[in-house]
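First comes the structure, then the notes that go with it.
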Amino acid sequence: EDQVTQSPEALRLQEGESSSLNCSYTVSGLRGLFWYRQDPGKGPEFLFTLYSAGEEKEKERLKATLTKKESFLHITAPKPEDSATYLCAVRGTGNQFYFGTGTSLTVIP
Amino acid sequence: EPEVTQTPSHQVTQMGQEVILRCVPISNHLYFYWYRQILGQKVEFLVSFYNNEISEKSEIFDDQFSVERPDGSNFTLKIRSTKLEDSAMYFCASSDRTGADGYTFGSGTRLTVV
């Protein structure tokens with residue numbers, strides 16, 4: 001069964017304190033690993049798609065990497081506006097996404 | 001930037017009543033989806049829709065649920081005879097043919113069944 005596990009569940013960082021979020025997955029025929037940001041009461045907002053091991057994507061203070069079993073979302077020098085829940089999702093042989101439970105990030109000024 | 005629009009933002013309904021949740025996907029997208037998120041839980045897939053028919057559905061999407069694209073712009077989710085456990089955020093999403101940029105999600109409809 002396709003599964004996605006994210007850790008940690010919650011993370012508190014001081015502004016400027018870099019860290020990484022983890023997403024481990026098992027999926028038949030990976031057709032993309034997706035990172036989303038979700039603010040309270042809002043829908044997920046697309047960040048990155050990764051397709052193959054070794055691939056990396058960057059956007060501002062965020063960098064996503066992918067191995068055969070997991071993905072990391074690295075946050076460099078975070079700011080309070082980076083506070084949100086970060087969701088990882090995988091797409092297997094079908095079109096549906098399997099989401100993890102997310103990591104709730106709080107960045108303290 | 002194009003967006004997916006959902007209405008209403010919040011709906012309260014009595015148990016046993018029917019509700020229709022509405023979505024306007026991005027105009028040039030071809031694939032449409034409904035997901036739900038029960039408070040504090042994962043975002044869960046309900047159904048995908050392509051070329052005017054359901055292409056995939058989850059175990060959650062039973063006979064109580066139906067989807068429709070009544071015209072060229074709207075995409076609806078109908079829940080017949082709502083139950084308390086149907087209370088959740090319902091997200092509509094759409095994607096282009098490749099889905100390479102993920103799916104664009106709407107802001108959701110919070111459904112509360114009382």
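The values are calculated or read from the model by the stated rules, or taken from the named source; none is laboratory data. These numbers were taken from a predicted model, which means no experiment stands behind them. Counting neighbours? That spans all protein chains shown, and the Cβs are built from the backbone with ideal geometry, glycine included. We work out accessible area using only protein heavy atoms, side chains counted, and drop any ligands, DNA or RNA first. Shrake-Rupley method; radii C 1.70, N 1.55, O 1.52, S 1.80 Å.
Worth a mention:
- Simple Cβ-charge dipole of chain A, Lys/Arg +1 and Asp/Glu -1, about Cα centre, in debye nearest 20: 200
- Region A:44-82 versus region B:1-80: alpha-carbon centroid distance in Å: 28
- Listed residue (B:L77, B:F49, B:Q37) projecting farthest to the positive dipole end of region B:36-96, Cβ model: B:Q37
- About the Cα centre, charge dipole magnitude for region A:44-85 (Lys/Arg +1, Asp/Glu -1 at Cβ), debye: 140
- Å³ per residue enclosed by the Cα convex hull of chain A: 88
- Unit charges on C-beta of K, R, D, E only; dipole of the protein assembly as shown, Debye: 60
- Mean separation of Cα pairs under 8 Å and 6 or more residues apart, divided by the residue count, gives region B:10-114 a relative contact order of 38 percent.
- Carbon + sulfur, % of accessible area of chain A - ligands and nucleic acids excluded, 1.4 Å: 47
- Contact order relative to length of region A:3-73, as percent, for alpha carbon pairs under 8 angstrom and 6 or more apart: 26
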